[in-house]
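K.L.:
Sending over a structure as structure tokens; questions will come in a sec.
Computed from the coordinates by the stated procedures, all read-outs in this text should not be read as laboratory data. Quantities reported herein were computed from a predicted structural model and do not represent experimental measurements. When we count neighbours, we look across all protein chains shown, and the Cβ atoms used for this are built from the backbone with ideal geometry, even at glycine.
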Amino acid sequence: MINFKSISEIKDLIFENKNNFFEILESTIEQLESKGKTLNALRFTDKDFAIFQGNKIFSEKNFELPLFGVPLAHKELFQRKLKGGQAWPNEGGSESRKNLLSDQTAKVISLLDKAGSIDCGRLVSVEYAFGVTGHNEYAGTPKNPWNRTYVCGGSSSGSAAIVASGVIPVALGTDTGGSVRLPAAACGLFGLKPTQGLVSRDGVFPLSTSLDTVGPLSRNVEDIAKVLQIISGKDKNDNLSVKINIPDFLTEMKKGIKKISIGLPKNYFLDGSDKIISDNTVKVFSICEKIGAFIKDISIPNIETANDLNMLLISTEAAISHKKIALEKNKSFNQQTLMRILSGVFTSSEEYKKLKKYRIGFIRNVISKVFEEVDLFIAPVWPCLIPSINESDLGANDKAAHLVRRIGHNTRPINYLGLPAISIPIGFDENGLPLSIQLVGKPFSEDLLIRAAFSLEKEFCFWDKKPKI
Amino acid sequence: MVKNVKNNYHLKILNELEKAKINKELIDNVYGISKKQIETLKNTIIQDKIPDTVQEVFTDFLEKNKNDKF
């Protein structure tokens, strides 16, 4: 009933006829279950809870709520505690956490509840969110709606698959090394990674306490803006959360990009990507110029170091959080995940301190240099065409290792810098899979990223075409 | 199995992994990856007079650029 509809279109359907409220909810849950099964993207639905929440929202009749009656589902890392001591599973996509339950409700989930949305269930994540292809032996590997023999990317693979299949308008993911942007890009979605500190991570299963961020995936920029507005803001329970004036993203969205300066990185990003990727990225610059932006060549100092150190920081902090269970239940882990976590156990506390200290100076250097020259820059997301499930399966294919190591090349440094970025679909490759770029902005410039993304959305009209499920 | 390890901290960790009955080949791989990554860190130099947190870097940056208009 709400296939491929935006948040505002769903709300219009509800206001047109209030009887649609529960019909929309029930049909969405059915679609989550059927397409979720077809695409291996669903962990679970909770129809009883969704109906209970729907009844509460409907009876309160607060029709002004920004997400009144809109059914959503999110990556399985977002905890939910229920009344009467019950709770949703909190397995982190892993057999090692089988039957473990949430001990709280994630802050961002509470904010979406207050905004009137109906939480229908949880979507597949890569084990411990620690992978970029989307493979998951335990929960199942989500299939790309555009071509089901191809990956969705990771780790927010289920979120990307379900949103791209049209079932719901938006889903939340997490991004530590690219895990919102990579699956968004692979599935033709807009996926926003916010500035470190903008959105609370309280109640979200952690991978890296310094680098984890929470962000939305959607088929359109307006819905990204709406959800980001709701989930942004200071939270005392997240030690990295900052108090900052949150702009009105929807008002900013329509301002266009005339006279905005956009950087074309001459080092690292395009060189490290396949020619078809860099050629398609460069074409985007001409479109930006056409709609009024200025393009400037930039060079980002020492960015290759950011890639390596991001990996070390993630594995060190993953080891700090999960070493105990990794040792005790090592046989219940996918061997790749285990290897990634355990590669962080050898970092001493002195080395960890140095790692964090170096990062601070590095960020200061890069942002003062780059953003003195430009307002934002463009880079590819994937450095290569989206791979098939088989060719990128580390367990089954010896040649997959080199491919998988490359995938985070363009996304990881942005996480290391703590900067905001949004992936934008721009077309299709020879296999019928989406091609995408990312815009990267100054700290807390999500309003500018949303403006630029909205302008480009109108140029590329990616979602004039739909995948057939 | 990993040989010639002189770092006492690494030896301690390797013993923990062996005690947990983790596959020896995996231990070798993990140790190799870790050593390479830590080597990258060893080659970095910490700058003088940097803030204590990333949040402070961002706050300083925003303060410096607060008159930027788009």
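K.L.:
I need the calculated FRET efficiency for the pair residue A:324 and residue A:391, taking r as the beta carbon distance and R₀ as 30 Å, to the nearest 0.05.
P.N.:
That gives a FRET efficiency of 0.30.
K.L.:
Label-point separation (nm) for residue A:51 and residue A:8, each offset 7 Å from Cα along Cα-to-Cβ?
P.N.:
3.4 nm
K.L.:
Let me ask another. Which longest uninterrupted range of chain B lacks any trypsin sites (Lys or Arg not before Pro) assigned by DSSP to a loop state (not H, G, I, E or B) and surrounded by at most 13 other Cβ atoms within 10 Å?
P.N.:
With trypsin sites (Lys or Arg not before Pro) excluded where exposed in loops, chain B gives B:22-48 as its longest stretch.
K.L.:
Take the Cα gyration tensor of the protein assembly as shown, multiply each eigenvalue by 5, square-root it, and list the three semi-axes largest first, rounded to whole angstrom.
P.N.:
34, 29, 22
K.L.:
Got a sec? Which residues in region A:282-314 would a label at residue A:267 touch, if it sits 7 Å along Cα→Cβ and we count backbone N under 12 Å?
P.N.:
Within reach of a label on residue A:267, which here means backbone N under 12 Å from a point 7 Å along Cα→Cβ, region A:282-314 contributes A:298-306.
K.L.:
Between residue B:29 and residue A:100, what is the spin-label point distance in nm, taking each point 7 Å from the Cα along the Cα→C-beta axis?
P.N.:
Calculated label separation equals 2.2 nm.
K.L.:
Is it possible to state the helix-based mean residue ellipticity at 222 nm for the protein assembly as shown, with each DSSP H run of 4+ residues giving -39500 (n - 2.57), the sum divided by total residues, to the nearest 500 deg cm²/dmol? What is it?
P.N.:
Mean residue ellipticity at 222 nm (helix-derived): -13000 deg cm²/dmol.
K.L.:
Please list, by residue number, everything in region A:431-469 whose backbone N is under 15 Å from a paramagnetic label point 7 Å out along Cα→Cβ of residue A:286.
P.N.:
Within reach of a label on residue A:286, which here means backbone N under 15 Å from a point 7 Å along Cα→Cβ, region A:431-469 contributes A:460.
K.L.:
Further question: Mind scanning A:353/B:36; A:369/A:442; A:290/B:64 and naming the pairs with a C-alpha gap bigger than 20 Å?
P.N.:
A:290/B:64
K.L.:
While we're here: Within 10 Å of each candidate Cβ there may be at most 10 other Cβ atoms; applying that plus a DSSP loop requirement, which trypsin sites (Lys or Arg not before Pro) in region A:109-146 survive?
P.N.:
none
K.L.:
Too long at a 31 Å Cα-Cα cut-off: which of A:236/A:357; A:18/A:75; A:47/A:226; A:47/A:399; A:236/B:49; A:81/A:356?
P.N.:
A:47/A:399; A:81/A:356
K.L.:
Restricting to chain A, compute how many DSSP beta bridges are antiparallel as a %, nearest 5.
P.N.:
Around 75 percent antiparallel, to the nearest 5.
K.L.:
While we're looking at this one, here's another question. How large is the charge dipole for the protein assembly as shown, taken about the Cα centre, if only the Cβ atoms of Lys, Arg (+1) and Asp, Glu (-1) carry charge, to the nearest 20 debye?
P.N.:
The calculated dipole for the protein assembly as shown is roughly 780 debye.
K.L.:
Got a sec? How would A:205, A:78 order by Cβ neighbour count within 10 Å, fewest to most?
P.N.:
Fewest-to-most Cβ neighbours within 10 Å comes out as A:205, A:78.
K.L.:
Additional query: Would you mind ranking A:246, B:45, A:14, A:424 so that the residue whose beta carbon has the fewest other beta carbons within 10 Å leads the list?
P.N.:
B:45, A:246, A:14, A:424
K.L.:
Residue by residue through A:361-370, how many Cβ atoms from other chains fall within 10 Å of the Cβ on average?
P.N.:
Going residue by residue through A:361-370 and averaging, the value is 4.
K.L.:
Can you put A:461, A:187, A:384, A:288 in order of Cβ neighbours within 10 angstrom, beginning with the fewest?
P.N.:
A:461, A:384, A:288, A:187
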